[in-house]
Structure formats: structure tokens, C-alpha cells
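All remarks here apply to the structure that follows.
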Ligand SMILES: Cc1cc2nc3c(=O)[nH]c(=O)nc-3n(C[C@H](O)[C@H](O)[C@H](O)COP(=O)(O)O)c2cc1C
């Protein structure tokens, strides 16, 4: 893909379909995991410049997150409540097999005029796998399975008499009818490890990474795009961030300080132990949480590291820096979702659009 002429950045928000919000802290959060709250949130988001919503898949509690709605059915409900928002349904290979996922998503694709996408996650929560009787694979094996899963999804969606001989999945002359409408549902994935990047460079449309500085994002983007080019593949990049946008920088920073101060240390440390352990078998040690500090771990995906914490102008400028580093999409979490999605859409996105127009941003990443 040529990035000399960059498209406008896309914006996504994390669907709070899991209780407790996006941080492990006892600070007050005016966010709810219920369907009524989420329907309204999705409507606010699409009216205020957001392109995508990303749902989460969790089967059990841990470190908070006591209640969790299932991602595909919840995503469908949000699509039914909106007109143009795209909703990305998280899918975990293991509990889902590709035959069911392909069929389910093809149907939702028809029901919603093509607005559903998928995020194929590879799993990090060993206790969850044990709780539901799922075999726990080593880190790189989880990605080998996810890659076969994605290849199977694409094959089923685009070919008749699809035949596939993998180590994890088998298909024999399978013809799905109806197939999804064109364009095909987009396939997202997450991660930071070597295995995650290599999978993105081979098969995914989009790669989500944990929050990070523009320098670190640029390194990942260069690495992935160079490899993707060798594979004749193109992949877009989504960067996670926890946004705290307030009228003054002091206010925004004091909210961050309060989140950290009210963090639940036991839960944060237990989460840190779990995710670092999940990444152990990633041989190069560059997994999503390999370098996360206590403070980083208070947000599930290192969202403070992207530093979208300040006034609308400061945040818009830092978003442009992430775009220069190669980001195509910014994925956002908030403390009080409904209010803050609206505020972000009204006060930050228009500034980003102005800066994009003035600057015709060029990425530092490899073409
Ligand atoms: C944006 C984003 C969303 C994710 N959503 C989920 C999810 O809903 N459920 C889940 O079990 N894992 C989720 N993950 C975890 C990833 O699938 C993967 O297991 C994790 O990023 C490990 O990365 P690593 O290979 O760098 O260690 C998500 C990761 C990212 C970056």
C-alpha cells in the first residue's frame, strides 16, 4: 500500500461490554457494561466522528471485569442500534472454530449491510482457558492457530469448494452460502510480539498494538510493513490510547494521578503476572506487556503510554505524531465513555482534521 498520500486517521473506541471499564482502579467511572448504556454510546460515537467500535471477548472475571457480555451477539446489537458505525467483534480461536465464525459473521454482514468486522485475538488469560476447559497452547502456537483461523475465514468467505489442510483446522470442498457482501469483512488482530507481527505481515488487514510512544510505534510499523511488503501483503496499524482530555493540562494530569493513586495494587499485580506469564513463550521477549510498569498495567493495554492526556490541542498534536509514526487508526478508552466520546468528537477530532489538512502528514515508517 502506498502511504505517500495518507488517508484521514480513523477513530475507534473500546466497547465497554465488560464491567469495570478499561482500567484497574477504584476511581469513579460513569461507564456501564449494560446494553442500554452501550446502545446510546454507539449512537453518540457515530454522530461524533468515530468510525469503529471494538468489542472485547472475556469468558470469566479476573482483576475486576466481573461481568462480561459475549462479543459477537453484543456487536450485532450495537450494529442494529446504529446506521454507519462499523463494529469489530472479538473472536477467540479455540472457543470459536472458523466454520462457525465464518457463518455467524457472514450472516451479520448481510443483516447490517456489511458493517461488521472481526478482531481475531490469540488469548493471554490462562486461568480463563482452564475455567472453560480450553487447551492452553504455548505463545507462538496460539498465533499459528490464529493464522490458520484467519486463512480459513478468508478461504470460506471467498472460495467455493474450499479445501484446507492445517494442523488445527480441516475443510473439505466447503461452500458457504451466502458469502459476505463485498467488500469482505475486515480482519483485525492484536499483539506486539514477533509472532503477532509476523502474522500481521502475512494475513491480517489491521494490526492493533498496545499504547506506546511515537518512536516505539514507528519501530514496530517499520518492521511490520517491511515484512508485509516481502509477502506482497499490506496491513494497517491501530494504536491503543487511554484518552484524558480536559480544558487544562493540570486537570487532565490530575485525573491520571487519581487513577493511579486509586489503582488496586493486588489486582494490577495479578494482571501483570498473568500477562507477562502468557507472553513467556514469546522467545524474543517483545510481547505486548514485556516492558509494562505497574503504572502502565493499570490500563489493560498500556494506554497511558500513548500520552493522549492534556488539552484538546495537545492531544490532537500528539495524535498527529502517532500518525507520522505510521498509525492509521487510534483506538480509544475513556473514564466516562458517553461524555468523553462526545467531548473527544467535538473538540479533538476537528482539530486533528485541521492539522491533517495543513500538514499532509507523511509517515516516518517504511513504504
Ligand atoms: C487492541 C487489542 C484488543 C484485544 N482484545 C482482546 C480481547 O477482547 N480478548 C482477549 O482475550 N485478548 C484480547 N487482546 C489480546 C491479544 O489477542 C493478544 O493475546 C495479546 O495482545 C498478546 O500479545 P503478544 O503476542 O504481544 O504477547 C487484545 C489485544 C489488543 C492489542
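Derivation of every value follows stated rules applied to the coordinates shown; laboratory data play no part. Quick caveat, the model's predicted, so the values are computed rather than measured. Note: ideal-geometry Cβ built from the backbone for every residue, glycine included; neighbour counts use all protein chains shown.
Tabulated results
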| quantity | calculated |
| --- | --- |
| Antiparallel bridge percentage (DSSP; both residues within the chain; nearest 5) | 15 |
| Nearest-ten-degree value, helix 35-47 long axis tilted from longest Cα axis of the chain | 80 |
| Percent RCO, i.e. relative contact order, over the chain, from Cα pairs under 8 Å lying at least 6 residues apart | 22 |
| Nearest 10 degrees, 0 to 90: helix 98-111 Cα axis against the chain principal axis | 60 |
| Rg(Cα)/(2.2 N^0.38 Å) for region 44-116, N = residue count | 1.17 |
| Length added when fully stretched, residue 262-residue 83, from 0.36 nm per residue minus Cα-Cα | 60.6 nm |
| Value at 222 nm in deg cm²/dmol, rounded to 500, when DSSP H runs of n ≥ 4 in the chain each add -39,500 (n - 2.57) | -13000 deg cm²/dmol |
| Projected area, mean over directions - region 237-344, Cα convex hull, nm² | 7.4 |
| Normalised contact order of region 136-181, rounded percent, pairs of Cα under 8 Å and 6 or more residues apart | 30 |
| Using alpha-carbon coordinates, inclination of helix 214-230 to the longest axis of the chain, degrees | 20 |
| Of every Cα-Cα pair in the chain, the percent that sits beyond 35 Å | 18 |
| Estimated inter-spin distance, residue 131 and residue 177, nm [label 7 Å along Cα→Cβ] | 4.2 |
| Rg/Rg_ref, region 189-249, where Rg_ref = 2.2 N^0.38 Å and atoms are Cα | 1.26 |
| Length released on extending from residue 111 to residue 66, taking residue separation times 0.36 nm less the Cα-Cα span | 13.1 nm |
